[in-house]
Amino acid sequence: MKRYIKMIISSLLALVLMLSVGAAAFAEDEAENSAKLTIISSNVAGLPIPSKFDKDGKVVPKTQKIMGEMLNNSGIDIICVQEDFQYHAILAKQMTNYPYQTYTSGGVPVGDGLNVFSKYPIYNIERVEWETYNGILDAANDGLTPKGFLKCTVDFNGVLVDVYDTHLDANGSLADCAAKKAQLEQLKAYINENSKDMPVVITGDMNIAMHCDINAEFYPVMIENGGFKDAWSEYCNDGVYFTDRLSAEQNAEYEAKFGGGYWGRWDSVERVVYRSSSNVELTPTDFRYEDYNNRDGHGAVTDHNVMICELTVTANDYVAPAIDLNKQQKEPFADRIVRTVKLTARCIYRILTDLIAKIKSGEITIK
């Protein structure tokens, strides 16, 4: 009798052990299908402006070193920067925790100022210039550099994600907003053609606050008709999107809730816009702005707050798409020289053309 009892007890223990192992294996499988991806967007303010002409008196080579050190120690997976121009080498030298980096496209007026630093491999890097812009000698001088967007494919633990780093036109006039709308349409069309059924993350200095830059039509272009979602709206604003300009009362409520004006606090110009694919779901699980100025005894380093977003990446029966993964190739020296001469000449031509037009219109007078 005792022998049978022992057999029954042993069988029950074995059954419990099998069930517990099975449950643990299922939990492990679930964990393997879901992981956190963190992203920073940072306008590093690397324009070659002498300190005496900078509103904060910034010494740009020094600030690029400081920004590089802070970004390198952020612990974030992917860092997308804008306005990374003449002093890229100083910034990049600090980024020792990021083995995968894009080569710079150059300083003003040759480069677009966009670069990516990643802890995960990056492939298929493309740079695309905006077809539409506003301003040469005015309106933030957007036409003096080949601003646009940078696209790369990130291998996130075997899951491929297309990441776009962008820098849209600045300022908020009707002409500026018309240019931004055109740029959003261009970006959306490119993604629909080149990132078909890929999970997509767009970040950067978009120079659009939805609650006040209504004429840029961010919501109808990207959200309503593009199938994208905005991480701040989803995570910080309970999935509520601004489709009209806020009233003074509504604006005051948001300022009270988030501790001040929108710039670098809420619905700011640094954004993450994302779109899931058929087998990879993206969900924001954190979103915040951080001020890198006046830390550790240094003064202002940029006029933008850093944006940090955490996305949960969940793969369902994932099979990597059959696409070529091309490693970044350094631009041949001869091609770089040709591009530099071409874009410098174009910049001079644009300046002279705009100057002549403004003189003819009486906007600029010569005495």
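The values are calculated or read from the model by the stated rules, or taken from the named source; none is laboratory data. What you are looking at is a predicted structure, and each value in this text was computed from that prediction instead of being measured. Ideal geometry is used to build each Cβ from the backbone, glycine not excepted, and the neighbour counts take in all protein chains shown.
Results, tabulated for the structure shown:
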| quantity | calculated |
| --- | --- |
| Residue count for segment 277-288, restricted to those that are buried (at least 19 other Cβ atoms within 10 Å of the Cβ) and either under 19 Å from residue 233 (Cβ atoms) or among the aromatic types (Phe, Trp, Tyr) (or both) | 3 |
| Residue within segment 55-75 that is surrounded by 20 or more Cβ atoms within 10 Å (Cβ to Cβ), farther than 24 Å from residue 189 by Cβ and of a type in the set (S, T, N, Q) present | yes |
| Any hit, segment 94-108, residues being assigned to a strand (DSSP E or B) and more than 30 Å from residue 356 (Cα to Cα) | yes |
| Of all residues in segment 322-339 being among the aliphatic types (A, V, I, L, M) and assigned to a loop (DSSP other than H, G, I, E, B), the one that is farthest from residue 110 (Cα to Cα) | 322 |
| First in segment 255-270 and at pLDDT 95 or above and surrounded by fewer than 17 Cβ atoms within 10 Å (Cβ to Cβ), second anywhere and charged (D, E, K, R) and not in a loop (DSSP other than H, G, I, E, B), Cβ under 9 Å, 6 or more apart | 261/255 |
| Selection status of residue 215, assigned to a helix (DSSP H, G or I) and either touching a residue at least 40 places away in the same chain (Cβ under 8 Å) or of a type in the set (Asp, Glu) (or both) | yes |
| The listed residue being touching a residue at least 24 places away in the same chain (Cβ under 8 Å) and part of a helix (DSSP H, G or I), out of 170, 179 | 179 |
| Considering residues of segment 316-345 that are in contact (Cβ under 8 Å) with a residue 24 or more places away in the chain and among the basic types (Lys, Arg) only, the residue surrounded by the fewest Cβ atoms within 10 Å (Cβ to Cβ) | 330 |
| Number of the exception - residue 151 against (1) within 15 Å of the chain's Cα centre (by Cα); (2) modelled with pLDDT under 95 | (2) |
| Qualifying residue in segment 241-257 (condition: within 17 Å of residue 182 (Cα to Cα), of a type in the set (S, T, N, Q) and touching a helix residue (DSSP H, G or I) at 6+ places or on another chain (Cβ under 9 Å)) | no |
| Residue selected from segment 182-212 under the condition free of Cβ contacts under 8 Å to residues at least 60 places away in the same chain and under 21 Å from residue 264 (Cβ atoms), by the criterion surrounded by the fewest Cβ atoms within 10 Å (Cβ to Cβ) | 212 |
| Members of segment 104-120 that are under 17 Å from the mean Cα position of the chain (by Cα) and not small (Gly, Ala, Ser) | 104, 112, 114, 115, 116, 117, 119, 120 |
| Test: residue in segment 217-228 that is more than 19 Å from residue 151 (Cβ to Cβ) and in contact with a helix residue (DSSP H, G or I) (Cβ under 6 Å, 6 or more places away or on another chain) | yes |
| Residue pairs meeting the criteria (Cβ under 8 Å; at least 6 apart or on separate chains; first outside the structural domain of residue 364 (by TED's automatic domain parsing) and under 17 Å from residue 187 (Cα atoms), in segment 131-143; second basic (Lys, Arg) and modelled with pLDDT of 95 or more) | 133/147 |
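One line per residue, one yes/no per condition, for (1) modelled with pLDDT under 95; (2) more than 17 Å from the chain's Cα centre (by Cα); (3) among the acidic types (Asp, Glu); (4) under 24 Å from residue 290 (Cα atoms):
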{"site": "189", "(1), (2), (3), (4)": "no, yes, no, no"}
{"site": "206", "(1), (2), (3), (4)": "no, no, no, yes"}
{"site": "210", "(1), (2), (3), (4)": "no, no, no, yes"}
{"site": "237", "(1), (2), (3), (4)": "no, yes, no, yes"}
{"site": "240", "(1), (2), (3), (4)": "no, yes, no, yes"}
{"site": "243", "(1), (2), (3), (4)": "no, yes, no, no"}
